[in-house]
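Heads up, the thing below is written out as structure tokens.
The values are calculated or read from the model by the stated rules, or taken from the named source; none is laboratory data. Please read these numbers as outputs of a predicted model, since none were measured by experiment. Backbone-built Cβ (ideal geometry, glycine too); neighbour counts: all protein chains shown.
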Amino acid sequence: MVAGPKGSPGTAEVNHPAGVLRMSHRSLLTTLMIDCLDEHFDQSYEFWSGALGLAGRRPRAGQKYATLGRLEIPLVVRMQRVHRDPGYHLDISTNDMRAERERMLANGARAKYRIKRWWVMEDPSGNAFCLIRPEEGFDQYAKEWNDEP
């Protein structure tokens with residue numbers, strides 16, 4: 001496969017018996033996969049559907065994967081230095097920490113502990129996630145929740 005002019009962004013030169021080929025490829029972070037213990041899968045599906053406001057197709061009995069939906073938001077990728085339990089977690093921004101924490105608890109989350117101005121929470125399968133203060137893009141992309149009972 002010959003792609004783009006020599007030296008163009010995203011191309012690589014490969015020596016080949018037929019000459020130098022310029023090849024390129026593309027990649028994109030497309031999926032956030034939330035691993036859930038089998039015994040908590042249905043409860044975790046309900047939790048994350050409600051937490052993120054997504055209504056995907058309900059998983060069939062024994063189905064290994066379930067798609068909740070697509071988020072049309074900017075996603076920031078960060079690294080965090082930890083002393084134990086490395087992995088991945090979600091940060092959910094909110095402009096009302098108390099209301100969002102209560103909403104998550106009502107959906108089946110557990111509050112683990114508070115650090116400074118954010119909460120470390122846990123989904124029904126034990127996956128950690130954090131409730132944090134608003135960041136760039138919040139006003140444009142945040143989902144509005146009705147706080148009334």
> Which ones in segment 126-139 are over 22 Å from PRO86 (Cβ atoms) and part of a loop (DSSP other than H, G, I, E, B)?
Replying inline: ARG133, PRO134, GLU135, GLU136, GLY137
> Across segment 51-93, what is the number of residues that are in contact (Cβ under 8 Å) with a residue 24 or more places away in the chain, in contact with a helix residue (DSSP H, G or I) (Cβ under 8 Å, 6 or more places away or on another chain) and not aliphatic (A, V, I, L, M)?
Replying inline: 3
> Which residues, counting only those in segment 117-141, are of a type in the set (D, E, K, R) and on the phi > 0 side of the Ramachandran plot?
Replying inline: none
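If I filter segment 134-144 down to residues being surrounded by 13 or more Cβ atoms within 10 Å (Cβ to Cβ) and either touching a Pro at 6+ places or on another chain (Cβ under 8 Å) or of a type in the set (Lys, Arg) (or both), which single residue comes out as modelled with the lowest pLDDT?
Filtering segment 134-144 down to residues surrounded by 13 or more Cβ atoms within 10 Å (Cβ to Cβ) leaves 137-138, 142.
Filter once more, keeping what is either touching a Pro at 6+ places or on another chain (Cβ under 8 Å) or of a type in the set (Lys, Arg) (or both): 137, 142.
Details: GLY137: 86, ALA142: 90.
Checked segment 134-144; the qualifying residue modelled with the lowest pLDDT is GLY137.
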>> Just to verify a result, which residue in segment 54-95, among those that are among the acidic types (Asp, Glu) and surrounded by fewer than 10 Cβ atoms within 10 Å (Cβ to Cβ), is nearest to the chain's Cα centre (by Cα)?
In response: GLU72
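Take the residues in segment 72-125 that are among the small types (Gly, Ala, Ser) and touching a Leu at 6+ places or on another chain (Cβ under 7 Å); name whichever of them is modelled with the lowest pLDDT.
By that ranking, first place goes to SER125.
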